[in-house]
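The values are calculated or read from the model by the stated rules, or taken from the named source; none is laboratory data. Just so you know, these numbers come straight off a predicted model, no measurement behind them. Glycine gets a Cβ as well: all are built from the backbone with ideal geometry, and neighbour counts include every protein chain shown. The protein model used for the area step is the full one, side chains on, heavy atoms only, and it has no ligands, DNA or RNA in it. Shrake-Rupley method; radii C 1.70, N 1.55, O 1.52, S 1.80 Å.
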Protein chains: 2
Amino acid sequence: MNTSFVLAGHLITTPEPKAFSVLENGYLVIENGLIQGCYSSLPEKYAALPLQRYDHQLIIPGLCDIHVHAPQYAYRGLGMDLELLEWLNTHAFPEEAHYEQMEYAQKAYGQFVHDLQNSATTRASIFATLHVPATLLLTQLLEQAGMRGYVGKVNMDRNSPDNLRERDAKESLRQTEEWLTQTASFRRVRPILTPRFVPSCSDELLEGLAALRKRDHLPLQSHLSENENEIAWVKELCPAASCYADAYALRGLLEEDGSVVMAHCVHPTDGERKILKEKKVLVAHCPASNTNLCSGIAPIRRFLEEGISVGLGSDIAGGYELSMFRAMTDAVQVSKLRSCFDPLKPKPLSLSEAFYLATKGGGQLFGQVGSFEKGYQADIVVLDDSRIESARPLKVEERLERAIYLEKDVRITAKYIAGEPVKLSTPNQ
Amino acid sequence: MNTSFVLAGHLITTPEPKAFSVLENGYLVIENGLIQGCYSSLPEKYAALPLQRYDHQLIIPGLCDIHVHAPQYAYRGLGMDLELLEWLNTHAFPEEAHYEQMEYAQKAYGQFVHDLQNSATTRASIFATLHVPATLLLTQLLEQAGMRGYVGKVNMDRNSPDNLRERDAKESLRQTEEWLTQTASFRRVRPILTPRFVPSCSDELLEGLAALRKRDHLPLQSHLSENENEIAWVKELCPAASCYADAYALRGLLEEDGSVVMAHCVHPTDGERKILKEKKVLVAHCPASNTNLCSGIAPIRRFLEEGISVGLGSDIAGGYELSMFRAMTDAVQVSKLRSCFDPLKPKPLSLSEAFYLATKGGGQLFGQVGSFEKGYQADIVVLDDSRIESARPLKVEERLERAIYLEKDVRITAKYIAGEPVKLSTPNQ
């Protein structure tokens, strides 16, 4: 496959959160699947590369969804009148139990992968279920779709329903080893260790996963400080920990290598924020889910001021929209409401900041991803916004703003991941 | 036109906010444009009426948007990083000034009416601009589209830019009279008095409008207690008033006939809530706009507990979505966030409550509108949700929940207003 080429169009990216960087009628040069650079006119030395013109269209980095539960996609938009723990027991757990049946998994994961493939998301960090065969199926479907990112077989050996719990830590670790062995052949989609959250994982299991992580240098994803009842429960289960994050740290799960992503972090204590910073944990901010499940609004402005890394997650099906454009506008909106209620009056996120979180912010989980800077993976999405009518001419940045807010009327024309074109199977009309 | 007929399908309505009333495979009988009743099997005496089958589809009352600025539709989704007063000066006012040009109005209002016609909204209470010719054009386009509701020529004679201000109260009232005379021929879309808000209307203008209202029994719409800076400004402008609502009441604008709708009411004092209740003012709750412009979250639970009437508004372009499904889910979401932050911990709105607000709650502005109870106007929308895939069979109520949250994947099959079919010009794919 030829992964060296040139795209022409309006280039928009956020190397820094504070503003969009816009190059109108620019040339984006890709060499061997990596961004080589952005140019106002095409340098002579790249004249021989295949050139694809997207005149008048918007060319942006691919979007990164760093927290999404694939098995929950099939019932998104249901049960939105419940809080976290009740919602897990009523909807999430019974649904996930179905993935023991491969026929069900084939149908439901097929739909998820189809929609993800046709979205503006290029990379994702995905929770599957505890079932190894269905998790491998999901990985295979994503790999075939040309998507990249991580898929995790979930670990859970306590405080879970009988039909969705592994017998004990040993069994869970054995299944994890089996799963890891079977993922060896996948090139685009790689495994990520996925203890569900402290309440559903015994100490022995967490410690076993920490050992695996160290041995195989694996990334890790989990949940943290989402809901006040959940936090109180973790305090009961792990009285030795100074905070929820410390319950992971005590078991050796938070190593300082930037490969740990924790979803939510809605109610961090000062001590917890200190751990997030020191351990280089990436926060997956999931504004829709935190709203729908009455969890609250995460203090993202504070995280950014303190140098804690943040990306965005759709958190299907706590969130009901797979779209990372919606995640951006949700992030802006909840930050505005937080500024209305938080006595510290944190400045709301700007749209360029939310765009940064959905690209370069979350992209760091996958390496150099989410920007058009030299050396970054060539993850690219091309947007045709011509169906959004305007009564007057707009600047390119204004067009992007409207495309993000009015995403329903935007057509995704092309999508590349690490320089590989992704087949878009729906016209997305 | 024959406005007596029968529809067959799954009937869903909210005569009371607390729960959906569902009749699976029911028959909805319409006589002379009014709801006659809902039946499990079709009574013999209606057997001769034309029967339209919408088997497997969802049949709901039409949705009511009781606060929307038609001239702002053309730039929805722009300038979402500003607060109210700054946003008005930067975007709303310059845009509205364009409606002096009929060519611009034709283009922009044409797009607005097209999209409204093809949405699930059946009735709307609409702000135009201060320009009489453009306001009449908008009314005509809506009338031709088969839509119903109110359109208001805006009054503003102070604190507004030179190119969007009437010379004085007399001139504003003279233009209003001219506009009222010219609306006489319209049958479906009727005039509503529309002083923009206290800051842009002199006392003399407000008093003149009160006299017109009394003389012609006209409904009235305006803005109330949206933003804290705005409220402080009103206090300065009208020191005699005990609260913002009282500034309208003192000029005789709030009569106790249920035909006044006030948008926002985000920051009501105890005294203001008392006025809203006593004067039977209908509150247009605009959750998206109140979020986007950092205004806050209106205390809807408290309004409902105190017996204050509430409906929903899209508030284009403070809100950027015309969809009243989105207004419902926004209303639920912000109520959840309010419950996280308000020390009173008000119970979040349920989806049936939000549905009630978008139908019968707001519908009362237009008479007996927004329900399938006998004698109500036959405003009906038929939804095909078959593109929302589900891995397991769902109850009708669960299907409606998903249709509301996942509205992008729902097709509007048919729409009737007062028993008249509305032509849907886009397939809404």
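Based on this model, can you work out whether A:LEU349 counts as of a type outside the set (Asp, Glu) and facing chain B (nearest Cβ under 10 Å)? When the stated conditions are applied, A:LEU349 passes them.
Taking the stretch A:373-388 on its own, how many of its residues are out of contact with any Leu (no Cβ under 9 Å at 6 or more places or on another chain) and surrounded by 18 or more Cβ atoms within 10 Å (Cβ to Cβ)? Total satisfying the criteria: 0.
Listed here are the residues, each with its yes/no results for (1) over 26 Å from A:CYS286 (Cβ atoms); (2) among the polar types (S, T, N, Q).
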| residue | (1), (2) |
| --- | --- |
| A:LYS18 | no, no |
| A:LEU23 | yes, no |
| A:LEU34 | yes, no |
| A:SER40 | yes, yes |
| A:PRO50 | yes, no |
| A:CYS64 | no, no |
| A:GLY79 | no, no |
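Only a single criterion out of (1) open to solvent by less than 10 Å² (accessible area, probe 1.4 Å); (2) within 12 Å of chain B (Cβ to nearest Cβ); (3) among the aliphatic types (A, V, I, L, M) is not satisfied by A:MET324, namely (2). Scanning the stretch A:134-179 for residues that are acidic (Asp, Glu), more than 20 Å from A:VAL68 (Cα to Cα) and in contact (Cβ under 8 Å) with a residue 24 or more places away in the chain yields a total of 5.
Residues in the stretch B:71-86 that are buried (at least 22 other Cβ atoms within 10 Å of the Cβ) and either away from chain A (no Cβ under 13 Å) or not in a loop (DSSP other than H, G, I, E, B) (or both): B:PRO71, B:GLN72, B:TYR73, B:ALA74, B:TYR75, B:LEU84. Filtering the stretch B:250-280 to residues that are of a type outside the set (Gly, Ala, Ser) and under 22 Å from B:VAL334 (Cα atoms) leaves B:VAL261, B:MET262, B:HIS264, B:CYS265, B:VAL266, B:HIS267, B:PRO268, B:THR269, B:ASP270, B:GLU272, B:ARG273, B:LEU276.
When each of B:SER371, B:SER386 is tested for being more than 24 Å from the chain's Cα centre (by Cα) and either more than 14 Å from every other protein chain (Cβ to nearest Cβ) or touching a residue at least 12 places away in the same chain (Cβ under 8 Å) (or both), the lone residue that passes is B:SER386.
From the list A:PRO393, A:PRO427, pick out the single residue that is at pLDDT below 95, closer than 24 Å to A:LEU51 by Cα and either buried (at least 18 other Cβ atoms within 10 Å of the Cβ) or not polar (S, T, N, Q) (or both). Walk me through it before giving the result.
Numbers: A:PRO393 fails: closer than 24 Å to A:LEU51 by Cα.
Just a single option satisfies the conditions, and that option is A:PRO427.
Counting residues in the stretch B:169-185 that are under 26 Å from B:TYR244 (Cα atoms), outside any helix (DSSP H, G or I) and open to solvent by 10 Å² or more (accessible area, probe 1.4 Å) gives zero. Among the conditions (1) within 23 Å of the chain's Cα centre (by Cα); (2) within 30 Å of B:ALA184 (Cα to Cα); (3) not basic (Lys, Arg), B:ASN227 misses just one, which is (2).
Please work out which residue is farthest from the other protein chains (Cβ to nearest Cβ), limiting yourself to the stretch B:88-113 and to residues that are among the aromatic types (Phe, Trp, Tyr) and surrounded by fewer than 22 Cβ atoms within 10 Å (Cβ to Cβ). Before you say what the answer is, go through the steps one by one.
Just the residues of the stretch B:88-113 that are among the aromatic types (Phe, Trp, Tyr), to begin with: B:93, B:99, B:104, B:109, B:112.
Then drop every residue that is not surrounded by fewer than 22 Cβ atoms within 10 Å (Cβ to Cβ), which leaves B:93, B:104.
Numbers: B:PHE93: 15, B:TYR104: 6 Å.
Filtering first and then ranking leaves B:PHE93.
Among the conditions (1) surrounded by fewer than 18 Cβ atoms within 10 Å (Cβ to Cβ); (2) touching a Lys or Arg at 6+ places or on another chain (Cβ under 8 Å), A:CYS64 misses just one, which is (1).
Pairs linking a residue in the stretch B:44-59 that is among the hydrophobic types (A, V, I, L, M, F, W, C) to a residue that is part of a helix (DSSP H, G or I), with Cβ atoms under 9 Å and 6 or more positions apart or on different chains, are B:LEU58/B:VAL396; B:LEU58/B:ARG399; B:LEU58/B:LEU400; B:LEU58/B:ALA403.
Does A:TYR104 count as assigned to a helix (DSSP H, G or I), in contact with a helix residue (DSSP H, G or I) (Cβ under 8 Å, 6 or more places away or on another chain) and over 21 Å from A:SER289 (Cβ atoms)? Here the answer is yes, as A:TYR104 does meet what is asked. Could you run through the stretch B:210-243 and say how many residues are in contact with a strand residue (DSSP E or B) (Cβ under 7 Å, 6 or more places away or on another chain) and at positive phi? The number of residues fulfilling the criteria is 1. All told, B:SER160 meets the bar of being at pLDDT below 95, open to solvent by 10 Å² or more (accessible area, probe 1.4 Å) and touching a helix residue (DSSP H, G or I) at 6+ places or on another chain (Cβ under 7 Å). Only residues that are in contact with a Cys (Cβ under 8 Å, 6 or more places away or on another chain) and of a type in the set (A, V, I, L, M): list them for the stretch A:100-132, please. The answer is A:ALA124, and nothing else.
Note on the stretch B:389-411: among residues that are out of contact with any helix residue (DSSP H, G or I) (no Cβ under 7 Å at 6 or more places or on another chain) and under 13 Å from B:ILE12 (Cα atoms), the one that is nearest to the other protein chains (Cβ to nearest Cβ) is B:GLU398.
The strands (runs of 3 or more DSSP E) found wholly in the stretch A:220-303 and carrying at least 1 residues that are β-branched (Val, Ile, Thr), away from chain B (no Cβ under 14 Å) and open to solvent by less than 10 Å² (accessible area, probe 1.4 Å) occupy A:260-264, A:282-285.
Of the residues making up the stretch A:304-321, those that are within 14 Å of another protein chain (Cβ to nearest Cβ), in a loop (DSSP other than H, G, I, E, B) and small (Gly, Ala, Ser) are A:SER314, A:ALA317, A:GLY318.
Taking the stretch A:34-53 as the range and being hydroxyl-bearing (Ser, Thr, Tyr) and either open to solvent by less than 20 Å² (accessible area, probe 1.4 Å) or within 12 Å of another protein chain (Cβ to nearest Cβ) (or both) as the test, only A:TYR46 passes. For the condition in contact (Cβ under 8 Å) with a residue 40 or more places away in the chain and in contact with a Lys or Arg (Cβ under 9 Å, 6 or more places away or on another chain), B:ALA19 does not qualify. Scanning the stretch A:328-344 for residues that are of a type in the set (Gly, Ala, Ser) and closer than 16 Å to A:CYS265 by Cα gives A:ALA331, A:SER335. In the set B:TYR405, B:TYR416, B:TYR356, only one residue is open to solvent by 10 Å² or more (accessible area, probe 1.4 Å), under 22 Å from B:ALA284 (Cα atoms) and of a type outside the set (A, V, I, L, M, F, W, C); that residue is B:TYR356. The single residue among A:ALA105, A:ALA97, A:ALA48, A:ALA70 that is under 24 Å from B:THR329 (Cβ atoms) and of a type in the set (Gly, Ala, Ser) turns out to be A:ALA70.
Counting the residues of the stretch B:191-209 that are open to solvent by less than 10 Å² (accessible area, probe 1.4 Å) and in a helix (DSSP H, G or I) gives 6. Scanning the stretch B:1-26 for residues that are open to solvent by 40 Å² or more (accessible area, probe 1.4 Å), in a strand (DSSP E or B) and not polar (S, T, N, Q) gives B:VAL22, B:LEU23, B:GLU24.
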